[in-house]
1. Taking 7 Å along the Cα-to-C-beta vector as the label spot, tell me the Glu119-Leu357 distance in nanometres, rounded to one decimal.
2. Between Ala128 and Arg245, what is 0.36 nm times their sequence separation minus the Cα-Cα distance? Round to one decimal in nm.
3. Calculate, for Leu16 and Ala228, the FRET efficiency according to 1/(1 + (r/R0)^6) with r their C-beta to C-beta distance and R0 45 Å; round to the nearest 0.05.
4. Sort Tyr333, Tyr366, Tyr226 so the one with the fewest other Cβ atoms within 10 Å of its own Cβ comes first.
5. Say R0 is 41 Å: what FRET efficiency, to the nearest 0.05, do Val187 and Thr237 get from their beta-carbon distance?
Amino acid sequence: MHPEPPTPAPGPPGFLRGWLDALAVVLAGLAAMAVVAALGLWAAGADALPEGGFPSVLAATLALAVGGTVSLDGGAGFFAQVDAGITAMPLSVGLVGALAMVEVFLRQLRFRAVAHGGELLGRVARTAAVWVVALALLTVGAKHTFAVPLGNDLAEQIGGLLGVNPEVGFHAEAATTIGLGLLWLLVVLAAAFAVSRRAPLPRNLVPFQQAVRPAAFAMLLVLLAYVAIGVVVGLITAAVHGNARETMAVLLLALPNLVWLAFGVGTGAEWHGHLTGAVGLPVPKPLAEVLRAPEGQEATVSLGTLAEQDGRAWWLLPLAAVLLLAAGVLAAYRAPRGVRPWQHAVRLAAAAAVTMLLVGVWTRVYAEYGLSVLGVGVGEGGLGDLLGSVLGGTNPLAGLGGGTLVLEPQLWVAVPLAAGWGLVTGFLGGLVAARLGRRGEVEPPVAP
């Protein structure tokens, strides 16, 4: 007689395991972002915010890091009015969170060359569902109210006579944070499958991954190379100028915002915007000078305008050329056997165009505030410190009644330029890789 098969354990272990895996991915991302954001906010001075506002500012920073919007509002009836809002991504926080989530997500799929499409969709759907719940909880925590110092004697006297103390509050916009945060997650997971060799796909999609992966991986390394260069420059700056805490705030909160903007400018792309008042965000001096156009006119941030303020900006052009050529060589070196140079060129052009599109969207900045008391503008401390702390700023307002920082990419110029760079460097990279004697790390699929 054959022994009876063991009775299966009660309950749906596979079902529970799937949700636990999704929870692990989300918790890993939130924990990594929270650590980096907390350190950056501490370096920016947000730990000194009154009334226990640090946890709420931390939650607001996480919401911004995944594409959300933080609105500032408040006042005291007719006596004081606040008009403010922030739309900007602290990319240092978002980058660390994305890397942590991808690492945990792919580790759950290790030791597998291919995967069933239904299983992958299920994993993504469960992760997205848990992520939406986490974002909803984040918007609940990203809310606080501060009492605002009026900042000048006249306003203080009027407020004392009327017995009115203005307040300013901030909150994360739920619809924007959840909607764009979900889109952020889907983009991160899609990039992981496009870039990583550890990401298993359904068998019929493997040939497409072999065509996309080398160029996508090369462009990811370009972005990470800019971040690494920025870290080195930031540490040298902190050692030479002695502003270690301010520099660490920028590194921990907004370094990719600056270096990826430099990448786009180095390829010939342009950003338009303006800067008025003293917003207190981490804007380098040459960029701030360009954005302070006379009479509130729109300024153009380009290689030429930055070089007018600091001649060292011209180095952004050869830096972009060298890194993109290296990307072309690496992509061709890792591509399947038999891919021709013109095919390398087309693939790298597509990868560079998508990369520049994402860089343009991620580096958009809109930050505006204004506090007036019976028509008298005020802004020292309080609101200005809050606005600066959320994005890593370290300069409080100096008695100004408002400020605006707007930075918008010209995507219709930046994306075609990036594609052109990809065509040239991809073709040259294919020629160089062919002379290296390497014929590709992956054989193309052969039909039976």
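None of the figures in this text is laboratory data; all of them are computed from the coordinates on show. Values in this document were obtained by computation on a predicted structure and should not be read as measured data. Ideal geometry is used to build each Cβ from the backbone, glycine not excepted, and the neighbour counts take in all protein chains shown.
1. 3.1
2. 38.5 nm
3. Here the calculated transfer efficiency is 0.65.
4. Fewest-to-most ranking of Tyr333, Tyr366, Tyr226: Tyr366, Tyr333, Tyr226.
5. It comes out at approximately 0.85.
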